[in-house]
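Chemist: Below you will find the structure I want to go over with you.
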Amino acid sequence: MWDRMQNELNANWIYELLFGRGRHFGTDNCFVDALVGNWSFSGLAHWTSGLPFSIFPGGGWSTNFNLRGEAVRIADTGSVGTFTDSTGAPNMFQNPTQANAAFRRPFPGEGGQRNELRGPGYFGIDIGVGKEWKVKESQALKFTWETFNVTNSVRMDAAASSNLFDTSSTTTFGKYSSALSHPRVMQFSLRYSF
């Protein structure tokens with residue numbers, strides 16, 4: 001049961017620098033306080049193991065016309081993850097030819113194997129940097145710069161792509177069709193509170 005679950009680890013943090021008025025290294029100089037005071041650094045780290053997925057045999061239904069059975073693994077598929085194939089496209093298998101030969105179609109009435117493989121995991125970091133200026137006692141101006149997916153990591157979607165894992169086609173077998181992650185994105189904000 002444990003090997004079919006997704007493992008996940010999250011960590012987040014907020015750190016306010018010790019410089020500025022009212023802080024450990026405070027200053028009464030307004031110019032210095034405006035430059036180095038009230039900075040904060042925040043972030044989120046996210047790691048997951050891969051999600052399980054099935055191989056669909058393609059080319060018809062072995063059980064009936066409503067339910068299609070998954071392929072049956074009969075040999076070692078080799079390494080599973082995200083690799084570049086001979087055409088430069090991302091592929092689930094390091095050796096698609098070996099992986100394709102590792103499956104057979106289910107026999108009539110046979111359901112096949114479900115979720116026998118695990119897709120690639122993911123690691124991503126989001127960070128934010130902020131600076132606040134006190135305008136008056138109850139008013140403040142805050143600037144924030146946030147970056148999502150700092151490492152620009154890509155997590156391919158094995159489950160959505162598994163419909164293309166057709167054992168009847170050696171040219172498309174294992175090729176990814178979509179990703180779960182988004183490219184690096186940055187956003188800036190300026191907020192005046194009163």
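Chemist: Report the GluC sites (Glu not before Pro) located in region 90-194 that are in a DSSP loop and have at most 16 other Cβ atoms inside 10 Å of their Cβ, or state none.
Modeler: E110, E137
Chemist: So how far apart, in nm, are the two label points at V32 and R104 if each is 7 Å from Cα heading toward Cβ?
Modeler: 8.0 nm
Chemist: Please list, ordered by chain and number, the residues whose modelled amide H lies under 5 Å from the amide H of L117; skip anything fewer than 5 residues away on the same chain.
Modeler: F53
Chemist: Once phi is turned into ³J(HN,Hα) by the Karplus curve 6.51 cos²θ - 1.76 cosθ + 1.60 with θ = phi - 60°, what whole-Hz value does each residue of region 113-119 show in order, with x for glycine and proline?
Modeler: 9, 10, 6, 8, 10, 10, x
Chemist: Report the extension gain between R21 and S177 in nm, rounded to one decimal, defined as 0.36 nm multiplied by the number of residues separating them, less their alpha carbon distance.
Modeler: Contour length minus the Cα-Cα distance gives 50.8 nm.
Chemist: May I pose another question? If amide H atoms are built 1.01 Å from N in the plane of the peptide, which residues on other chains or at least 5 residues away come under 5 Å of the amide H of F103?
Modeler: Amide H to amide H, under 5 Å and 5 or more residues apart or across chains, F103 pairs with I74.
Chemist: Tell me, what is the FRET efficiency for D76 and I127 to the nearest 0.05, using R0 = 45 angstrom and their Cβ-Cβ distance as r?
Modeler: For D76 and I127, the calculated efficiency is 0.65.
Chemist: How large is ³J(HN,Hα), in whole Hz, for each residue of region 82-94 in order, when computed from phi with the Karplus curve 6.51 cos²θ - 1.76 cosθ + 1.60 and θ = phi - 60°, using x for Gly and Pro?
Modeler: These are the phi-based 3J(HN,Hα) values: 10, 10, 9, 7, 5, 8, x, 8, x, 10, 5, 10, 5 Hz.
Chemist: So, in nm, how far is label T84 from label A45 when the simple model puts each one 7 Å beyond its Cα toward the Cβ?
Modeler: 2.8 nm
Chemist: Check N95: other-chain or 5+ apart residues with amide H under 5 Å from its amide H, H built from backbone geometry?
Modeler: S79
Chemist: Right, here's the next one. Among all the lysines, which ones have a C-alpha under 28 Å from K142's C-alpha, if same-chain residues fewer than 8 places away are not counted?
Modeler: Straight-distance partners of K142: K131, K134.
Chemist: When averaged across all projection directions, what area in nm² does the alpha-carbon convex hull of region 102-155 cover?
Modeler: In nm², the orientation-averaged hull projection of region 102-155 is 7.7.
Throughout, read-outs are computed from the coordinates displayed, never taken from laboratory work. This one's a predicted model, so the numbers in the text were calculated from it and none came from an experiment. Glycine gets a Cβ as well: all are built from the backbone with ideal geometry, and neighbour counts include every protein chain shown.
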